[in-house]
């Protein structure tokens, strides 16, 4: 059963060609995703600084930090891929 499902998705994916981008487009992708990474780092630090205000609960701060960490990871991986 597992092999049947995997073959189904493999055949579906195989039919689609990956898009090709020019060097200028790839450079833009890399730069824009790197900017997203930098903004993620800035907001990560800001959340830590503002969480000392005690208006946020621990769960709220932990949730925001987890979200920002995964966002930074996403933009890092994407920037690295396009570089």
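The values are calculated or read from the model by the stated rules, or taken from the named source; none is laboratory data. Not measured: the values here are computed from a predicted model. All Cβ positions, even for glycine, are placed from backbone atoms using ideal geometry, and neighbour counts span all protein chains on display.
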Next on the checklist: Restricting to segment 63-83, name every residue that is at pLDDT below 90 and either touching a strand residue (DSSP E or B) at 6+ places or on another chain (Cβ under 9 Å) or more than 12 Å from residue 33 (Cβ to Cβ) (or both).
Outcome noted: 64, 65
Checklist outcome for this item: In segment 1-45, residues that are assigned to a helix (DSSP H, G or I) and over 23 Å from residue 79 (Cα atoms) total 13
Next on the checklist: So the check is Cβ under 8 Å with 6+ separation or different chains; which pairs have a first residue in segment 12-29 that's at pLDDT 80 or above and a second one that's part of a loop (DSSP other than H, G, I, E, B)?
Outcome noted: 29/21
Next on the checklist: Given (1) free of Cβ contacts under 8 Å to residues at least 40 places away in the same chain; (2) surrounded by 10 or more Cβ atoms within 10 Å (Cβ to Cβ), identify the lone condition not met by residue 52.
Outcome noted: (2)
Checklist outcome for this item: Across segment 15-30, the tally of residues that are closer than 26 Å to residue 80 by Cβ and exposed (fewer than 13 other Cβ atoms within 10 Å of the Cβ) stands at 10
Checklist entry - Of the residues that make up segment 43-50, is at least one within 16 Å of the chain's Cα centre (by Cα) and within 17 Å of residue 70 (Cβ to Cβ)? => result yes
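Being surrounded by 12 or more Cβ atoms within 10 Å (Cβ to Cβ) and more than 21 Å from the chain's Cα centre (by Cα): is that true of residue 78 here?
Numbers: surrounded by 12 or more Cβ atoms within 10 Å (Cβ to Cβ): yes; more than 21 Å from the chain's Cα centre (by Cα): no.
Criteria not met by residue 78.
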